[in-house]
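The values are calculated or read from the model by the stated rules, or taken from the named source; none is laboratory data. Here the structure is a predicted model, which means the values were calculated and not measured. Cβ atoms come from the backbone with ideal geometry, glycine included; neighbour counts cover every protein chain shown.
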Amino acid sequence: MSREAKILIGILVVIVGGMIGLFVVMNQGGSTNTGGLVDDKTLIKSTTHQEGSGSVKLVEFGDYQCPACGNAYPIVQQIMKDYQGKVTLYFRNFPLTNLHPNATVAANAAEEAADLGKFWQMHDLLYEKQKEWVGLPQAQAIAKFADYANSLGIDGSKVADAATNQTEKSRIDADVTDGNTLQVNATPTFYVNDRQVTSGVGYNDLKAAIDAALKGK
């Protein structure tokens, strides 16, 4: 066999191998992979905000200023609607302060709203109206949070004060500490029944993980 033929065969082997590898990777993207079990006591605390009454736990570590979290919000809403009575949603703060300068003040606003009995309503508004405040200077963003609070029938001045002075810092820091212990490094990060959902944050990814949990897998 000539030298040129050997070179040609070698090139073909590399190309075919690369195509096979690409095929495998592309097909893995649609699969549901979950990480190993994590410590439930670290994942959920007695003070963690929860919504729903289902046996399957869906835990989100989120950042109110994070665009990906904003995109995931309606997906989570749809999941909770489609799995009503089957899933309980838990939310934990994980503001990426280096990337999102308004994330921590937003988290403080939501936690103060929780003290006033309107956590989930404020949580929802912060995501639904994310584009209104995400790029504002901090003082203007806080003024928006006060307006949202007033629209919910709670004291906007208290929410603004909490955001400005970070009065809920200890609660948020506790969430972040647990997130770091669990090696959360991006938002949103989801867990279903103590397993991290690593296949993605789309509707089908969460649905597959929840369906598996409901089947006891």
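What the table shows:
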quantity: Every residue from region 201-217 that is of a type in the set (D, E, K, R), touching a residue at least 24 places away in the same chain (Cβ under 8 Å) and closer than 12 Å to Val56 by Cα; calculated: Lys207
quantity: Residue count, region 46-68 (criterion: in contact (Cβ under 8 Å) with a residue 12 or more places away in the chain and within 19 Å of Asp173 (Cα to Cα)); calculated: 12
quantity: Test for Val184: is it modelled with pLDDT of 95 or more and within 30 Å of Thr198 (Cα to Cα); calculated: yes
quantity: Of all residues making up region 83-106, the number that are surrounded by fewer than 24 Cβ atoms within 10 Å (Cβ to Cβ) and free of Cβ contacts under 8 Å to residues at least 40 places away in the same chain; calculated: 9
quantity: Hey, Glu111 of a type in the set (Asp, Glu), crowded, with 19+ Cβ neighbours inside 10 Å and in the same structural domain as Tyr64 (by TED's automatic domain parsing) or not; calculated: yes
quantity: Yes/no for Ser170 being free of Cβ contacts under 8 Å to residues at least 12 places away in the same chain and either surrounded by fewer than 16 Cβ atoms within 10 Å (Cβ to Cβ) or within 15 Å of the chain's Cα centre (by Cα) (or both); calculated: yes
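Yes or no, residue by residue, for (1) of a type in the set (D, E, K, R); (2) touching an Asp or Glu at 6+ places or on another chain (Cβ under 8 Å); (3) modelled with pLDDT under 95:
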position: Leu116; (1), (2), (3): no, yes, no
position: Gly153; (1), (2), (3): no, no, no
position: Ala160; (1), (2), (3): no, no, no
position: Arg171; (1), (2), (3): yes, yes, no
